[in-house]
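Everything below concerns the one structure shown next.
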Amino acid sequence: MAADPAAAAVPPARIKRHSSSFFSRRNAHPESRVVYVTTGTANLESKFKPNAISTGKYNPATFFPKGLYEQFRRVANMYFLSVAVISLFEAISPIKPYTIWSPLVLVVGLSMAKEAVEDYARHQQDHQQNISLTERFNGTSLVRCEWREVVSGDIVRVVRDQSFPCDVVLLSSSLEDAVCYVETKNLDGETNLKIKRGVEGIKNLGAGGAKTLQDMTSGTETYVECEHPNNSLYTFTGNIDVPRGVYDGVVKDGEFAGGASKKISLVPSNILLRGSSLRNTEWVLGIAIYTGHDTKVMMNSSAAPSKRSSIERGMDTIVFAMLMLLFLMGTVTACVCGLWVKNTSPKMWYLDTASADMVFDPTDTVTVGIVAFLTSYVLYGYLIPISLYVSLEFVKVIQATVFLNSDRQMYHAETDTPMRARTSNLNEELGMVHTVLSDKTGTLTCNSMEFFKCSIAGVSYGEGVTEIERSIAKRAGKPVPTGAAASTKAIEPGFNFVDVRLEGTKWMNLAEAEAARDFFRVLAVCHTVIPEGEPTPETICYQAESPDESAFVIAAKRFGFFFKRRTTSGVDVVEPVFGPGQGGEVTGKSEEVHYEVLNILEFNSTRKRMSAIVRTPEGTITLYCKGADSIIYERLEYGAQRFMESTQAHMDDFASSGLRTLCLAKRDLSDAEYAQWNEGYTAAAQSLEKRDEKIDAMAELIEKDLFLVGATAIEDKLQDGVPWCIEQMMRAGISVWVLTGDKQDTAINIGQACSLIRNDMDLHVVNINELVKQESDREITRQEFQDLGREAVRQQLIEGIKKCDTAEKKDVDMALVIDGRSLSFALEKELAHLFLSLGSGCTSVVCCRVSPLQKALVTSLVKDSGRITLAIGDGANDVGMIQAAHIGVGISGQEGMQAVMASDFAFAQFRFLERLLLVHGRYSYKRVSRMVTYFFYKNLAFGLTLFMYNLETSASGQVVYNDWLMSAFNIFMVSAPVVALGCLDQDVNQRSCLQFPHLYRQGQNNACFTVKVQLGWALNAVYVSCVTFYLVFYCIHGGEADNPDGHAFGLWEVGTSLYTAIVVAINLQMAQMINYWTWVQHVSIWGSILVWYLCNVLLSSTDPYLSTYSYRLFVPTVAPTAKYWMSTPLVVMAALLPDLLIRAFRRMYVPEDHFAVQEYERRARGAGKRRTGGSGSKGAEDQGVKSRSPMERDVEAGAGPALTVNAPPAKLEDFTGDDGGGNPYVVAPRRTSYKRESGMSKIPVEDLPGSLAHYEALQAEMASRGQNPSLSSSPSNVRSLAVHSSVLTALERSQKQLRPFRG
């Protein structure tokens, strides 16, 4: 390697300049990062991070200390560690230490082993990356090296299809003008190629060979000054200083005087990021600036915000409550023991307590009480389930990986995208959602844009009928337009425009032909699209950052302005020759012209506009701008607009058709004005401090006095199944909020098309359009607008709350629409509570013209109200909203994968949300909540038997069970059934979950995990333990002989009988809970009981040192005793009978919704058996499979049936009756809105929407399907259990589907 002369002596002048402009040597955190381009050691003192990466949590030195710390952060594990430590003191512990340490080591060891396996996989992936090969310059030539050998300041060479080893400043490439194409799929999921450009002035570096590279790296004359490492993938601020020998650009007078260097600004398009790959380019050369963990992709690999479910937080509360109970029981035990030793033990001379040690010293009762408390602390530890966390984690992983990720009904075949649960922590939270907050574009819609209509020079063009218009007409019962104008098939992908006035070159004959030409030029020039393939209109392919951009360029091509190629200096466009030809006729000829792109002012979510400053073929400097109407209209030249009002009217019409609108404008600039502005812009672009703010400020100076040329209207069609999904969620009691950047009219019409806003709703709109217009016309000042706007929004919110109260009294749903300017006031501290109160009372809310920040603020506002929120989106602008919500769902659509990478769950289509919530979410909630409550029930029941026996022995600390058997209780005896419950149990089948969405409200109300439910299980545990203990000790083994030979059971025999009763009772309690029996449940329940007996047999024949008191106990003594086998069923029956009776009473007289659906499914199975003559399927998952119709399979798939009557079929006579006077009625909840229901009642048929004739029509339709539902006047089987809420959904759906019969 060549020597580094600069490493030994850096020029003093340079040291001084760096010290003053970058940082002080005494400052540990310099303001910027300086990277010398050298092969020497000049960068060593900066201590840049190496390029080797490690994403593992542990290394060999930290695995045990850090892993143990992670495990014992859990309260339960910390408690068991303290118990294990106390058990080492034999004078205190009633249990052998190894019986405590063994399960603790097993549980902690399994968790740490899982961590080790996962971390080893991460280390393997890191190693594969670190040893990947690339090339770097060593001072004389380019040599191959591993990625981990690259350091900051190296010049690296990457060849086609390789990934970049670090973050690189692009210097040169194999393509003309030093451009290259990169794929960033691994960074943001976007598959479209992005163009990157070499640094101006050193593009010919590669052509100069090794000599030029040696000149660049021979000293410290070339260096990069840039921002410190950060996680922003799309921004970069920096400059590069190059000497005269390296610079190959145009040299101005005075530059490089006295050996000075040239400062060139660096922009994001000059940076190649690690994680991206080189495409369609043979090679590139660049400078390594960020390496290893300083690269932007690694800076983005930080952990996502930690989210915990409500059940998990409630579980922590129960653990603390159980700890408090344990301390209370220990205190009672200590008091009892102290008083007994002090007052009673001296009377028992045979105990000789006078000479006892501190454990039973009657003269030191305080010490006796403390020791008794510590003994109880160890003995009662079975109140805290040691295996709870491990079991719960296992169950959640199974739910996520087996059920969610493998659900084919949430697989999108067109894009080959399966469902992905990116975390398993929030499975049960999916069953408790109150509010869904959704983006629109790409989430509710396809984000597949088509140019549909436009307004040019105040004239509207386009004859098509949008999908939104067709959907609204269909829902309103109006005729749907037909013909060519109503065709849904695009003429070309991205273009579906029909208007003969603009066909070919007919636009040249328009009165405003020049304005039309400017309109098309904005479409063809103002963009960042990259053309690929053969440069002909038929074969070219456009790579765009958004579907809108692609649609605009395709539209320009269809209108004759063909964007052919992009170069570093500008763009080439083939456009019609403007002006009439000879004889006054349009020539129809085209020519290729070049537009020199001087500056691009890029679009972002704050600016909401994009501008391109170009030198046109005519030689004039023109600014072309496109953006949101609210932004463009603020920047129009006041008093010089001819088309403003008519264009606004057209945009309103476009918006009412559900189209996305954008304004197009231009401004001609003089050479002097541009030169003066560009000087300031260049200075802002080279600034290292607040560069973006300075560039935006310069953009404000030039993007003014614009002339409006027209507006575009883009159609973004709804995704399949969106209306059905939203309707289902509303039936489930879930409020839906849509946060969109569209205009108010667009948002309202799309809301109507997707069932978000219905005709039977009260609609309240909050906007301040009049004040916005007054401010725009400069009738009021900005401060007056702020004051008046805030007060106007306050009054409208208060009015909306009053309307909401009125609607609630009338049992009518309400929808709210609020625009972005009003929302900015509504989110202020003094108005936020009013906005939240109004929004919470509405079934649906639409927020228009919303920025990404406002999306996150709205989500946080709803979340902080205590409502469980789910945010769903598909783009980078939705990341803040997704991370702010309790649950984040990402749509893998057209806008990359940023939303997916920030989400908790991800899939391809919005309609899958119905199944995710109503099926998987509901199942997970009920499974986990029942699992957790049962866990504490079984431990409390078992622990209380120890407590009662300890009190029976005057709190002496004597145990009644074998130490090993106590330790095995949570691990082997009762763990398998509860895990099976958490994985497989389901109260109703999947079709019923979708068919009766109101069942979801059990999770919203947290009905399975309320304090009342928890106390009920606790009381059940107390009862089971008391009955079991006292029946065994005082009834079954009360002192009489237990064997025919007169032998009475001793302590350990009675303990075995008690243990048997409690284990069998707890396992059979699970059998009473289970709704869905499979072979897994049978094996887990009966297998757990069998394991108990096998353990006794094993211990009975094991060496006494290990088996202790169980040696030769069960086989020769307990098992041959008939009394033992006969008493166990009696004790278990007495323990479980009250729970069984309560369950029967609730099912018969206080039925819950799912009870009625279970009854409905039972009758449906019976009907299926009668039709098929078979026995049918016994599993709830497959009930009625053999008789399932195509319609019913559609219900199961969540697609929505063609005729949504209840499936599988059941006779309506079960749900109807007669009042004795010949007047039929239906027993159902009296409810007229999705959010409210007011109990059961007998509703006369004539009071229902539609007459009896309509239901007879429904009968006829059902009879045609072979379902034979007869309306009968017989009141048989009319009771709440048989009908309840199931009838309601059938009636609601039948009313909806009977509209054709009513026509």
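The values are calculated or read from the model by the stated rules, or taken from the named source; none is laboratory data. Note that the structure is predicted; figures quoted are calculated from it, not measured. When we count neighbours, we look across all protein chains shown, and the Cβ atoms used for this are built from the backbone with ideal geometry, even at glycine. All accessible areas refer to the heavy atoms of the entire protein, side chains included, with ligands and DNA or RNA removed. Shrake-Rupley method; radii C 1.70, N 1.55, O 1.52, S 1.80 Å.
In region 280-296, what residues are farther than 26 Å from Ser141 by Cβ and either among the aromatic types (Phe, Trp, Tyr) or surrounded by fewer than 21 Cβ atoms within 10 Å (Cβ to Cβ) (or both)? If the condition is that a residue be farther than 26 Å from Ser141 by Cβ and either among the aromatic types (Phe, Trp, Tyr) or surrounded by fewer than 21 Cβ atoms within 10 Å (Cβ to Cβ) (or both), then Asn280, His293 are the ones that fit. Would you confirm, using the coordinates I've provided, whether Ala555 is surrounded by fewer than 20 Cβ atoms within 10 Å (Cβ to Cβ) and among the small types (Gly, Ala, Ser)? No, not satisfied. Being open to solvent by less than 10 Å² (accessible area, probe 1.4 Å), at pLDDT 90 or above and either of a type in the set (D, E, K, R) or assigned to a helix (DSSP H, G or I) (or both) holds for only one residue in Phe935, Phe969, and it is Phe935. Of the helices (runs of 4 or more DSSP H) lying entirely inside region 644-757, the ones with 1 or more residues being in contact (Cβ under 8 Å) with a residue 12 or more places away in the chain, more than 30 Å from Asn239 (Cα to Cα) and open to solvent by less than 10 Å² (accessible area, probe 1.4 Å) are found at 644-656, 722-731, 744-753. Residue pairs whose Cβ atoms lie under 8 Å apart, separated by 6 or more positions or on different chains, with the first residue in region 833-858 and closer than 21 Å to Gly875 by Cα and at pLDDT below 90 and the second open to solvent by 30 Å² or more (accessible area, probe 1.4 Å) and among the charged types (D, E, K, R), are Arg849/Arg821.
Just the residues that are surrounded by fewer than 24 Cβ atoms within 10 Å (Cβ to Cβ) and either on the phi > 0 side of the Ramachandran plot or in a loop (DSSP other than H, G, I, E, B) (or both), please, taken from region 972-986. Correct list: Asp985, Gln986.
The number of residues in region 600-638 being closer than 13 Å to Lys704 by Cβ and outside any strand (DSSP E or B) comes to 7. For Cys1035, the conditions (1) open to solvent by 40 Å² or more (accessible area, probe 1.4 Å); (2) part of a loop (DSSP other than H, G, I, E, B) all hold with the exception of (2). For region 612-629, give me each residue that is open to solvent by less than 60 Å² (accessible area, probe 1.4 Å) and either in contact with a Gly (Cβ under 8 Å, 6 or more places away or on another chain) or of a type in the set (Lys, Arg) (or both). Correct list: Val614, Lys626, Ala628.
Let's see how each residue does on (1) of a type in the set (S, T, N, Q); (2) at pLDDT 85 or above; (3) over 32 Å from the mean Cα position of the chain (by Cα):
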site: Arg160; (1), (2), (3): no, yes, yes
site: Phe164; (1), (2), (3): no, yes, no
site: Val182; (1), (2), (3): no, yes, no
site: Ile195; (1), (2), (3): no, no, no
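Spot the failing condition for Asp1153; the list is (1) of a type outside the set (Lys, Arg); (2) open to solvent by 60 Å² or more (accessible area, probe 1.4 Å); (3) under 50 Å from the mean Cα position of the chain (by Cα), and only one is missed. Against the list (1) of a type outside the set (Lys, Arg); (2) open to solvent by 60 Å² or more (accessible area, probe 1.4 Å); (3) under 50 Å from the mean Cα position of the chain (by Cα), Asp1153 comes up short only on (2). Among the residues of region 782-829, those identified as among the basic types (Lys, Arg) and either exposed (fewer than 15 other Cβ atoms within 10 Å of the Cβ) or at pLDDT 90 or above (or both) are Arg782, Arg790, Arg794, Lys802, Lys803, Lys809, Lys810, Lys829.
Of all residues in region 30-50, those being assigned to a helix (DSSP H, G or I) and in contact with a helix residue (DSSP H, G or I) (Cβ under 9 Å, 6 or more places away or on another chain) number 1.
Residues of region 866-905 that are part of a helix (DSSP H, G or I), of a type in the set (A, V, I, L, M) and either modelled with pLDDT of 80 or more or in contact with a helix residue (DSSP H, G or I) (Cβ under 7 Å, 6 or more places away or on another chain) (or both): Ala876, Val879, Met881, Ile882, Ala884, Ala899, Val900. Just one residue in the set Ser892, Ser954 is on the phi > 0 side of the Ramachandran plot and open to solvent by 10 Å² or more (accessible area, probe 1.4 Å); that residue is Ser954. Here Ala1041 meets each of (1) of a type in the set (A, V, I, L, M); (2) in a helix (DSSP H, G or I); (3) farther than 26 Å from Thr375 by Cα with one exception, condition (2). Quick test for you: out of Thr505, Thr536, pick the one residue that is open to solvent by 30 Å² or more (accessible area, probe 1.4 Å) and free of Cβ contacts under 8 Å to residues at least 60 places away in the same chain. Answer to the check: Thr536. One residue alone among Arg849, Arg867 is open to solvent by 10 Å² or more (accessible area, probe 1.4 Å), over 23 Å from Gln796 (Cα atoms) and basic (Lys, Arg), and that residue is Arg867.
The residues of region 69-78 that are open to solvent by 70 Å² or more (accessible area, probe 1.4 Å) and part of a helix (DSSP H, G or I), listed by number, are Tyr69, Met78. If only residues of region 592-611 that are in contact with a helix residue (DSSP H, G or I) (Cβ under 6 Å, 6 or more places away or on another chain) and open to solvent by less than 50 Å² (accessible area, probe 1.4 Å) are counted, the one that is nearest to Asp671 (Cα to Cα) is Tyr595.
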